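Chemist: Okay, here's the structure, questions in a sec.
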Amino acid sequence: MPEAYERHLAPVFFRPFAADLASRAAALQPRRVLELAAGTGALTSALLAATPSTSVVATDLNEAMVVTGAALEPRAQWRQADAQALPFEDGGFDLVVCQFGVMFFPDRTAAYAEVRRVLAPRGQFLFSSWGPVASHGFGAAFQNALEEAIPDGTPTFLPEVPHGYTDPVQVTADLEAAGLTVTGTEEVTLEGVAESAASVATGFLTGTPVSAALQTHQDLQALQAAIAQHMTDHLGSGRVTAPMTATVYTARRRA
């Protein structure tokens, strides 16, 4: 999964937003940064490029992601870690960042409380969350392809998990409950560029938990081919682009 994620999804979905988030982080002039749910390091590399004198500790719950990320971006310190039980001392970081990871936390308030704990006084939390799946050109095309290929029992991972935490009111309430005060909320739309629609389909099918939901299908290869063709019909052949919308949040640790 990490290899497929890095090959087919990271360049298209995550690197455009990583550049934007790293620029925002650099403006805060952090000295010690903790990254949560770092994946294979798209944001990690962007942070180190934007703030070369900053110390970055990158973490992910998935050990395979940590191993891959550490090989791709050795300038950071990598640790396997659960965002809900961080293995770091109180007040050790002046900035915590997370790109498209908070949606996956089973208990977000607990994770945000851990963020508050490891932040120094007046430290800041900068993170992004995807908008509804309809606002993500590639995600919407993939979900439509799934619904056409599997009309009964279509996997709902995409709209319910990565695109299921989209209400700023709810996000703000969760942060406030954990002792963090929201200081900024901004909707950002960027263009994703992929080598082909089929490449994106491969990324979704082999680099996300959707793969597990399809393993029992009788003719998996034919199903994957049908989904890739549907996406190509919708997005076009050859190099393709699509808009992607997310919300960027900034929060500050309360005393």
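Chemist: Considering Cα pairs under 8 angstrom that are at least six residues apart, work out the relative contact order of the chain and quote it in whole percent.
Modeler: 23
Chemist: Would you mind working out the accessible area per residue for region 118-205, using a 1.4 Å probe, and quoting it in Å²?
Modeler: Counting only protein heavy atoms, the per-residue value for region 118-205 is 39 Å².
Chemist: Could you tell me the largest-minus-smallest coordinate of the C-alpha atoms of region 53-105 on each of the three principal axes, in descending order and whole angstroms?
Modeler: So the extents along the principal axes, rounded to whole Å, are 30, 28, 19.
Chemist: For region 18-169, give the share of DSSP beta bridges that are antiparallel, in percent and rounded to the nearest 5; count only bridges with both residues there.
Modeler: 5
Chemist: Can you tell me the orientation of helix 137-149 relative to the chain, as the angle in degrees between its alpha-carbon axis and the longest Cα principal axis, to the nearest 10?
Modeler: 40
Chemist: With the alpha-carbon atoms as the only input, what is the per residue convex hull volume for the chain in Å³?
Modeler: Hull volume over Cα atoms, normalised by residue count, gives 114 Å³.
Chemist: Angle between the Cα long axis of helix 63-72 and the longest principal axis of the chain, 0 to 90 degrees, nearest 10?
Modeler: Roughly 80 degrees, rounded to the nearest 10.
Chemist: For the chain, find the longest principal axis of its Cα atoms and tell me its angle to the long axis of helix 220-235, 0 to 90°, nearest 10.
Modeler: Its long axis makes an angle of about 80 degrees.
Chemist: Sticking with this one: Could you size up the charge dipole of the chain around its Cα centre, putting +1 on the beta carbon of Lys and Arg and -1 on that of Asp and Glu, and report it in debye to the nearest 20?
Modeler: For the chain, the charge dipole is close to 1020 debye.
Chemist: Charges at C-beta only: +1 for Lys and Arg, -1 for Asp and Glu. How large is the resulting dipole of region 93-157 about its Cα centre, in Debye rounded to 20? Don't skip to the end; give the middle numbers.
Modeler: Numbers: 4 positive and 6 negative charges, 99 e Å.
So the dipole magnitude of region 93-157 works out to roughly 480 debye.
Chemist: Ratio of Rg to Rh for region 99-204, alpha carbon only, Kirkwood?
Modeler: Working: Rg = 16.5 Å, Rh = 15.7 Å.
My calculation of the ratio gives 1.05.
Chemist: To continue, here is another question. Hey, got the dipole for region 109-215? About the Cα centre, +1 on K and R Cβ, -1 on D and E Cβ, debye to the nearest 20?
Modeler: Computed about the Cα centre, the dipole is about 500 debye.
Chemist: Let me ask another. Can you give me the Rg/Rh ratio for region 129-179, using Cα atoms for both radii and the Kirkwood formula for Rh?
Modeler: Using only Cα positions, Rg/Rh for region 129-179 is 1.13.
Chemist: Quick one: what does P(r) look like for region 153-255 with 5 Å bins over all Cα pairs, in whole %?
Modeler: It works out to 2, 10, 15, 17, 15, 13, 10, 8, 6, 3, 1, 0, in whole percents.
Chemist: Enter the Cα centre distance for the pair region 158-219 and region 98-152, rounded to the nearest angstrom.
Modeler: Distance between centres, Cα-based: 5 Å.
Chemist: Okay, moving on. Over the Cα atoms, compute the radius of gyration (one decimal) and Dmax (the largest Cα-Cα distance, rounded to a whole number) for region 2-96, in Å.
Modeler: Every Cα atom of region 2-96 included, Rg and Dmax give 12.5, 37 Å.
Chemist: Which whole number of Å³ per residue matches the convex hull of the alpha-carbon atoms in region 35-143?
Modeler: It comes to 122 Å³ per residue, whole-number rounded.
Chemist: Run the helix sum for the chain: -39,500 (n - 2.57) per DSSP H stretch of 4+ residues, divided by residue count, reported at 222 nm to the nearest 500 deg cm²/dmol.
Modeler: Roughly -12000 deg cm²/dmol at 222 nm, from the helical runs in the chain.
Chemist: Report, for the chain, the % of DSSP beta bridges that are antiparallel, rounded to 5. Spell out each step's value before the answer.
Modeler: Values: 23 of 41 bridges.
About 55 percent, rounded to the nearest 5.
The values are calculated or read from the model by the stated rules, or taken from the named source; none is laboratory data. Predicted, not measured: the structure shown is a model, and the values here were computed from it. Glycine also receives a Cβ, built like all others from the backbone with ideal geometry; neighbour counts cover every protein chain displayed. Accessible surface areas use protein heavy atoms only, side chains included; no ligands, DNA or RNA. Shrake-Rupley method; radii C 1.70, N 1.55, O 1.52, S 1.80 Å.
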